[in-house]
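Structure first, then comments.
The values are calculated or read from the model by the stated rules, or taken from the named source; none is laboratory data. Just so it is clear, the model here is predicted, and its values are computed rather than measured. Note that each Cβ is placed from the backbone with ideal geometry, even for glycine, and that neighbours are counted across all protein chains shown. SASA here: full protein model, heavy atoms, side chains in, ligands and nucleic acids out. Shrake-Rupley method; radii C 1.70, N 1.55, O 1.52, S 1.80 Å.
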Amino acid sequence: VPYVQEPVRPRSAEANASNPFGKVPTLIDGEFTIYESVAINTYLGDKYRTSALELVPPPATTARGRYEQLIATIYGELDCQALWIHRKHASDVAKFIGAPNPEATEVARKHADKVVDVLADELGRSGGEYLLGSQFSAADILLVHCCNWAESIGWGERWSGEAPQLQGLAAYLERCRSRPAYARAKALP
């Protein structure tokens, strides 16, 4: 899929022009503008679905229902209720978008642990190497992104623990991160 990546900083004039929250990413597809990573991934997965590439299951299928459940859990519980709490209350940007709050940050970290346990169990029940089984999906992209973020703030150390489901998660993350598309994405500026 041809695209042009524009280097835009959050809350810059450019970001504010296309996203009412001033966040990145935002996708502009002709006359259509869409923001929020989950919505962008699902939109692109639906629009560019082929027999060789299906990042999002077809609408009105049980696989799509499972996909929607997974992305809602990852986004609503891990991203918003844990990682963003850390960003607002413990990161370098806390002074701009929140206030330091160690108690809120600790509650968020414990919530992240619980959510990761649930997602690791879901991965184990999938019957395959990915969240939706044998097919890599946009839900995997979102979970790996959130796990990368969690690891970058020191929340991922327990994933290498002895619990069988967490060992499965560690192997899953390694598998996803070894994909050529992941390497290409990481190499982007």
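General observations
- Sole residue being open to solvent by less than 70 Å² (accessible area, probe 1.4 Å), in a helix (DSSP H, G or I) and within 15 Å of L70 (Cβ to Cβ), chosen from A139, A185, A181, A170: A139
- Filtered residue count, region 36-70, keeping only those that are among the aliphatic types (A, V, I, L, M), under 25 Å from V115 (Cα atoms) and not in a loop (DSSP other than H, G, I, E, B): 5
- Filter result (buried (at least 17 other Cβ atoms within 10 Å of the Cβ) and either acidic (D, E) or farther than 16 Å from A138 by Cβ (or both)) within region 19-34: N19, G22, V24, T26
- Looking across region 104-117 at every residue that is within 17 Å of A170 (Cα to Cα) and not charged (D, E, K, R), the one that is surrounded by the fewest Cβ atoms within 10 Å (Cβ to Cβ) is identified as V115.
- Scanning region 67-100 for residues being open to solvent by 50 Å² or more (accessible area, probe 1.4 Å) and among the polar types (S, T, N, Q) gives a total of 2.
- Selection within region 118-136 - open to solvent by less than 30 Å² (accessible area, probe 1.4 Å), part of a helix (DSSP H, G or I) and of a type outside the set (D, E): L119, A120, L123
- Identity of the residue in region 4-18, in a loop (DSSP other than H, G, I, E, B) and of a type in the set (A, V, I, L, M), that ends up most open to solvent (accessible area, probe 1.4 Å): V4
- Given (1) without any contact (Cβ under 8 Å) to a residue 12 or more places away in the chain; (2) among the aromatic types (F, W, Y); (3) not in a helix (DSSP H, G or I), index of the condition F21 fails: (1)
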